[in-house]
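The values are calculated or read from the model by the stated rules, or taken from the named source; none is laboratory data. Everything numeric in this text was worked out from a predicted model, so none of it was measured. Positions of Cβ are backbone-derived with ideal geometry, glycine not excepted, and every protein chain shown enters the neighbour counts.
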Amino acid sequence: MSSILHKIVALVRIAFIVVIVLSCTSFILAQPDEHEFKKDGESWQEEIQQEEFNAGDMIIEHITDAYEWHIITIGHTHVTVPLPVMLYDDGKFHFFMSSVFNHGHDDYKGYSISHHEMNAGKIVRKDNDGNELRPDLDFSFTKTVLAIFFSMFILIFIFISVAKAYKKREGKAPKGLQSFLEPIIIFVRDDIAKASIGEKRYEKYLPFLLTVFFFILINNLLGIVPFFPGGVNVTGNIGVTGVLAAFTFIITTFSGNKNYWKHIVNAPGVPWWLKIPVPLMPVVELMGVFTKPFVLMVRLFANISAGHIIILGFISLIFIFGEISTGAGYGVAVISVAFTIFMDVLEILVAFIQAYVFTLLSALYFGMATEEAH
Amino acid sequence: MSLINPGFGLVIWMTLAFGILLYVLAKYAWPAIISSLKEREKSIEDALLSAEKAREEMEKMKLGNEELIREAQDERDNILKEARALKEKFINDAKEKAQVTADSIVENARESIESEKKAAMVEIKNIITTYSIDIAEKILREELKDKKKQKAYVEKLLSETSLN
C-alpha cells in the first residue's frame, strides 16, 4: 500500500514539475500587451478584429468566469448562451440577462463589463470621477455556476441510477455504469477513507469523500472537453476550490476531538520553552490548521488552471505563427496539435490524480482530527 | 488579477450547489450503494466460508467413505475366507462320507464275495467229490471187470490192512 502511495506521490511531483515548467514558458509566450488594456471600451470589439492575436487575453478569457457562455464565433457573430445577472448595489437589486451588454459592447443602467486589468471581465459601474467600481454584491449566475449545476445534475443522475441498479440487482454482479464506477467507489472507500481515517470511523466521512472525489473528477474531465457544455475551468477556479477546501476545513474542525486540539494547543513531546513564554508551537500549529485547506485550494486550482493554460498556449502558438505567415501557422499546427494531444492525455491523468489527492488529503485531515491518543 | 480573485457570487452558488449535491447523494445514493456493496461483500465472504466448510466436510466424508470401503473390503475378505473354509469343510466332509460309504460298500461286497466264494467252494468240492466218486467207480468198475484182478486187489487190500 505505502509503496503504491510513494509511487503516486512521486508521479504527482513529476507531473507538477512538468506542469510548472511548461506553464512558465507559456506564460512568457503569452505575455499580454500593456497597451491592449488602455484601449477605449467602445471601440474595443472592432479593434480586436484588426488587432494582432493576443494569446494572454485569449487564455485568461478562457479560464476565467464570464457572464455569458461563449460557444463559437462565426465571422462576426458570437454564438453565446446569455445568463442572468443579479446585482445588489446601492440598496437595490438588479436582475437582467447578460445579453444586454452585447458581448461587452454596451452599457446597461450604468453597468458595463470592464476591460481594465483589475476588474477585467467583471461587471462594473463608473463613479463620477470615471473610476470603475464593482457592485456591492454580484450574485450573477455565471458560466462557471452553470457548469457547476450541470455537473451537479449529471452526478445526481448518475449516482441515483447507480444506487437504483444496486437495489434492483441486489447481491448480483455489477453491470454497465455500475460496474464502471464500482471499482472507483471501492478504491475511495478502501484506499482513501479506510486507510486514512481508520476502520472504525471512516463511514461517517465516506459520503463527503465520495462526493468530493466525483465532483472534482467530473469537472476536471469536463474541463478538458473543448466544446459546449464542457471546457469550463470549474476546478481551476479558485472560488470553487476554495469552497471545497472550506468544506474540508469545517468538517475537520467540527470533528476534531480532544486529542486533536491538545496537539494544537499543547503539542506533546515538544520542549516547554517552545510554548512558554512565547507560544511558538501553538501559533505554528494553529497556522497549520488554516494552511492545510489553503494548500488544498491552491493545489487543485493551480494544477487544473496550468493544464488549461498549457493547452491553450499550444493552440495560441498556431495563431501567433499564423500571423507571421500562413505557412508557418500550418507548420506549427502539426506540432501544436501533437503536443495538445499529449497534454490532453496528461490532463486526463491529472484529472484523476488531483481528484485523488484532494480526497486523500481531506481524508488524512479527518483522520488526524479523529485520531485517538496513543 | 481575476484568476486568483474568487467571485463572491460564484462562492455562494458553489456552496449552494455543492451543498445540494452532497445532501442528495448522501441521502439517496451513497447509503444504498455502500450498504449494497457491504452486503454483497458479506454474502461473498459467507459463500466462500461455507464453500470452505463444505469442502472440509467433503474431505471428512471422503475419509469416512474410505474407512467404510476398507471395512467393507475387510468384511468381504472375511466372508470370502469363511466361505472358502466352509467350502473346504463341506468338500472334505463329503469326501469323508463318500469314503466311508465306499468303504462299507467295498466291505460288503468283499464279504458277500467271500461268502459266495465259500459257497462256490463247497459246491465245487461237492461236485468234485461226486465226480471223483463217479470216476473212481468207473475206474474201479473197469479195473475189476475180470475175476483175477478182483481177487488180487482184495488180497492186496487185505494185506495192507492189519487186523488187530
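Across region B:25-38, what is the number of residues that are facing chain A (nearest Cβ under 7 Å) and more than 16 Å from A:L209 (Cβ to Cβ)?
Total meeting the criteria: 3.
Evaluate region A:301-317: report whether one residue or more is more than 28 Å from A:I218 (Cα to Cα) and either crowded, with 17+ Cβ neighbours inside 10 Å or within 20 Å of the chain's Cα centre (by Cα) (or both).
Of all residues in region A:301-317, those more than 28 Å from A:I218 (Cα to Cα) come to A:317.
Cutting the leftovers down to either crowded, with 17+ Cβ neighbours inside 10 Å or within 20 Å of the chain's Cα centre (by Cα) (or both) gives us A:317.
So far as region A:301-317 goes, yes, one or more of its residues are more than 28 Å from A:I218 (Cα to Cα) and either crowded, with 17+ Cβ neighbours inside 10 Å or within 20 Å of the chain's Cα centre (by Cα) (or both).
Out of A:K164, A:K172, I need the residue that is charged (D, E, K, R), in the same structural domain as A:G230 (by TED's automatic domain parsing), more than 21 Å from the chain's Cα centre (by Cα) and not in a loop (DSSP other than H, G, I, E, B). Which one?
Going through A:K164, A:K172 in turn, the sole match is A:K164.
Filter the strands (runs of 3 or more DSSP E) completely within region A:42-145 down to those with at least 3 residues that are within 11 Å of another protein chain (Cβ to nearest Cβ).
A:84-89
Do you know which residues across region B:1-20 are closer than 15 Å to A:A66 by Cα and among the aromatic types (F, W, Y)?
Within region B:1-20, B:F8, B:W13 meet the criteria.
Failed condition for A:F214, given (1) under 20 Å from A:G307 (Cα atoms); (2) surrounded by 19 or more Cβ atoms within 10 Å (Cβ to Cβ); (3) of a type outside the set (S, T, N, Q); (4) away from every other protein chain (no Cβ under 11 Å), with all others met?
So the condition that A:F214 fails would be (4).
Is it the case, given these coordinates, that A:I250 is among the hydrophobic types (A, V, I, L, M, F, W, C), free of Cβ contacts under 8 Å to residues at least 12 places away in the same chain and within 26 Å of A:A351 (Cβ to Cβ)?
yes
In this structure, is A:N233 within 14 Å of another protein chain (Cβ to nearest Cβ), touching an Asp or Glu at 6+ places or on another chain (Cβ under 8 Å) and crowded, with 21+ Cβ neighbours inside 10 Å? Reasoning before the result, please.
Details: within 14 Å of another protein chain (Cβ to nearest Cβ): yes; touching an Asp or Glu at 6+ places or on another chain (Cβ under 8 Å): no; crowded, with 21+ Cβ neighbours inside 10 Å: yes.
No; evaluated as a whole, the condition is false for this residue.
Kindly indicate whether A:H105 is over 23 Å from the mean Cα position of the chain (by Cα) and farther than 28 Å from A:G56 by Cα.
Values: over 23 Å from the mean Cα position of the chain (by Cα): yes; farther than 28 Å from A:G56 by Cα: no.
No, not satisfied.
Can we say A:A163 is within 13 Å of chain B (Cβ to nearest Cβ) and under 19 Å from A:L217 (Cβ atoms)?
For A:A163, the condition - within 13 Å of chain B (Cβ to nearest Cβ) and under 19 Å from A:L217 (Cβ atoms) - is met.
Determine if region A:323-334 includes at least one residue that is in contact (Cβ under 8 Å) with a residue 60 or more places away in the chain and either assigned to a helix (DSSP H, G or I) or under 17 Å from the mean Cα position of the chain (by Cα) (or both).
yes
Let me spell it out: the conditions are (1) within 13 Å of chain B (Cβ to nearest Cβ); (2) in a strand (DSSP E or B), and A:S151 meets all of them except one. Which number is the exception?
A:S151 satisfies all of (1) within 13 Å of chain B (Cβ to nearest Cβ); (2) in a strand (DSSP E or B) except (2).
For region A:166-192, give me each residue that is of a type outside the set (V, I, T), more than 9 Å from every other protein chain (Cβ to nearest Cβ) and within 24 Å of A:G367 (Cα to Cα).
Across region A:166-192, the qualifying residues are A:P183, A:F187, A:D190, A:D191.
Which condition number does A:A195 fail, the rest of (1) within 12 Å of chain B (Cβ to nearest Cβ); (2) buried (at least 17 other Cβ atoms within 10 Å of the Cβ) being met?
Of everything listed in (1) within 12 Å of chain B (Cβ to nearest Cβ); (2) buried (at least 17 other Cβ atoms within 10 Å of the Cβ), A:A195 misses just condition (1).
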